[in-house]
Every structure is written in C-alpha cells, then in structure tokens.
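Bear in mind these aren't lab numbers, they're just calculated from the coordinates by the rules spelled out. Everything quoted here is computed from the prediction, not taken from an experiment. Neighbour counts run over all protein chains shown; Cβ positions are idealised from the backbone, glycine included.
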Amino acid sequence: MDDDFPAAHSMDTVWFAVDEAGHVGIFTTGEDGHVPVHTDQDDGLELMNALEGKADDPDEEWKDRATRLGLFYYGYGWGTSAIVDPYQREASPPQPIHMDQLPPALRKRARKRCLKKMDFAQQAWIQPLEQLECDLSNEDEAVAYLCGDGKTVRPIPGKEDRFAGFCEQVRKENPKAAKKLVFEEPQEKPKKPRRRRRKENDDGK
C-alpha cells in the first residue's frame, strides 16, 4: 500500500510585504518562521494567483514562480528556541514589480506591511519584527530577535523583563558568538516632567 506523505511545504505559511521602494517580497515560514498578525496561511499564494490569473501549479516551486512574477523570495531557516532569526533572501526577480501593479485589495493589504528603510534588492536578510507585530511559532520560549544586520539583538516586545537574563545566558554559554553580537537593551520610556508648583503669595494666591 502506498503511503500518502504530505508535501514538504504543507506546513508553510506564505505571506508578502513591500519595501520602501514599493517592491514586493514573498516570505515562506517553513515550520518555524514568524508572520505578521492576522495573516492567512495562503496570503502569498493569493497574491501570486491574482498576478497570474490562475491557481498555483503544484509542479512549480514557489521560489521559481515568485521570481517569474517579479517578486523577491525570502525563506526562514532554523532559529533557536530563545531567539528569532531574520528571513534570508533566496532569489531575486530579473524585473521586480511595483506594489502599484497589484490588484486594489492586495495593494491595500500591502500598504499595511510596508517595511520602511528596507530594500529587498540590497538586503539579503529581513527581520519583520523590527517593524511589524508578529505571531511566533515558539511564543513561550522566544525572548529576543536578531535584526537584519546580522548582529543587533533586541527583545521581543513584551519580553523586555527577560532580556537581561537572556543576554547573560548567551554570554555565558557561547561567549565567542556573543562577542560578535550587539545586545540592545530596551530603553526606558522618558519620564514625564513634573509640573512646577506655582509659588504662592503671602495671601495664599
């Protein structure tokens, strides 16, 4: 009897975003990648189907299809339990399309995922957590994320209280790797200035 094995990418979520220049990128999570909140699993496939006017071809790799349609292609590797890695660019299209070429509904969605000061054509690594609120596959364990520059480590929003302990653990367990990283401690919010009390006159006014 033939075993029915699922496709290798059956667990992937495919989603898209745009850079500051308006170029469009496709991101595939694998089993461990993170996604912007409220993202459907077939978000990126919906985009490719809309551009091509047909459903996806199961015989064509997503990477090949994306670049053929003018989309940059990023994939997620293997992050550790405590740190979330950036996505890595795996392919660039010969002729990138602009977000203005997307259907109106998808163009509206893309504007909500515009990654400012990022350039898919120049940046091999993209970390969505630098700008977007994301759902994590390892929400309980993850404490920090590695930025797209490959060296800056920041706390995941809401995990700031665990960041100092995380940094200490990394420096202790892997000092050689820690020396190559920049641990960016969360900045305290500036305190509101106290209102100066008006000096009263002798008559109490």
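Quick notes on this structure:
- Selection of trypsin sites (Lys or Arg not before Pro), the stretch 16-102, meeting DSSP coil and at most 11 other Cβ within 10 Å: K54
- The stretch 14-134 - percent relative contact order, Cα under 8 Å, separation 6 or more: 34 percent
- 3J(HN,Hα) couplings calculated from phi for the stretch 40-52 with the Karplus curve 6.51 cos²θ - 1.76 cosθ + 1.60 (θ = phi - 60°) are, in sequence order, 6, 4, 9, 3, x, 5, 4, 4, 5, 5, 5, 5, 9 Hz; Gly and Pro show x.
- Pairs of Cα atoms farther than 16 Å apart, the stretch 14-134, %: 57 percent
- Computed from backbone phi, the HN-Hα couplings of the stretch 122-131 come to 10, 9, 6, 10, 10, 10, x, 4, 5, 9 Hz, rounded to whole numbers (Karplus: 6.51 cos²θ - 1.76 cosθ + 1.60, θ = phi - 60°; Gly and Pro given as x).
- Cβ-derived FRET efficiency at R0 35 Å, D149 paired with Q41, nearest 0.05: 0.75
- If a spin label sat at a point 7 angstrom from the Cα of D161 along the line to its beta carbon, the backbone N atoms of the stretch 115-141 nearer than 18 Å would be those of 139-141.
- Between N49 and D119, the modelled labels are 3.5 nm apart [label points 7 Å from Cα along Cα→Cβ].
- Under-5 Å amide H pairs with M118, H placed in peptide plane, nonlocal only: E20
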